[in-house]
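A.B. asks: What follows is a single structure, and I will ask about it in a moment.
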Amino acid sequence: MAADETPGSVESLLETPDLAHALASESFKQFLDQLPIATAVSKLGAFEKVVYANHEFERLVGQGHAEIVGATWSRLPGESADAATARALSESIYDEGDYLGTFVIPRDGAEISVDAWSSVIEDDDATPVFRLVALVEVAP
């Protein structure tokens, strides 16, 4: 995937019709497993917990499936790449708007930069059901 195709790909994923229904299906999760875009999903409720993370998400954040799934977003590493905003990725996920910005994540004794998106997915009745988070590694 070319670097200039990534933002459009993430936006297309977030605008998929019936995404709330699809996120609940096992076949759609298998589809997300194959994406080169790091994707994780939480179920909204009193205690929002991650219910799905694909392999690329695990790789980018440097955490395994058992560390991510069942945990809250607060477990995610990463700080804003913009020193003026100085905000953790885990806090920014709750912000309004899809594109969150660029974040630096410590991994394997080094740091990587990722662009991050977060979107609340509603069901047919406009009830918020899931939060989808997507990360794409960017060149330093």
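The values are calculated or read from the model by the stated rules, or taken from the named source; none is laboratory data. These numbers come from a predicted model, not from an experiment. Quick reminder, even Gly has a Cβ in these numbers, built from the backbone with ideal geometry, and neighbours come from all protein chains shown. Quick note on the areas: whole protein, heavy atoms, side chains included, nothing else; ligands and nucleic acids left out. Shrake-Rupley method; radii C 1.70, N 1.55, O 1.52, S 1.80 Å.
A.B. asks: Among what's in the stretch 44-59 and is among the charged types (D, E, K, R) and within 23 Å of Val136 (Cβ to Cβ), pick the residue that is surrounded by the most Cβ atoms within 10 Å (Cβ to Cβ).
C.D. replies: Per the criteria, the residue is Glu56.
A.B. asks: Same structure again: If you go through the stretch 93-130 one residue at a time, how many are in contact with a helix residue (DSSP H, G or I) (Cβ under 8 Å, 6 or more places away or on another chain), assigned to a strand (DSSP E or B) and open to solvent by less than 40 Å² (accessible area, probe 1.4 Å)?
C.D. replies: Result for the stretch 93-130: 14.
A.B. asks: Being farther than 13 Å from Ala116 by Cα, open to solvent by 30 Å² or more (accessible area, probe 1.4 Å), in a strand (DSSP E or B) and at pLDDT below 95, is that true of even one residue in the stretch 7-28?
C.D. replies: The answer is no; no qualifying residue exists.
A.B. asks: Then there's this: Output the qualifying pairs, or none if there are none: Cβ atoms under 6 angstrom, residues six or more apart or on different chains, first residue in the stretch 55-75 and at positive phi and free of Cβ contacts under 8 Å to residues at least 60 places away in the same chain, second residue open to solvent by 40 Å² or more (accessible area, probe 1.4 Å) and outside any helix (DSSP H, G or I).
C.D. replies: Close Cβ pairs (under 6 Å, with a partner that is open to solvent by 40 Å² or more (accessible area, probe 1.4 Å) and outside any helix (DSSP H, G or I)) amount to Gly62/Arg107; Gly70/Lys49.
A.B. asks: Pairs only if they're at least six apart or on different chains, beta carbon under 6 angstrom, first in the stretch 41-53 and closer than 15 Å to Ser119 by Cβ, second among the acidic types (Asp, Glu) and open to solvent by 20 Å² or more (accessible area, probe 1.4 Å); list them, first residue then second.
C.D. replies: Listed pairs, sorted by first residue: Ser42/Glu48.
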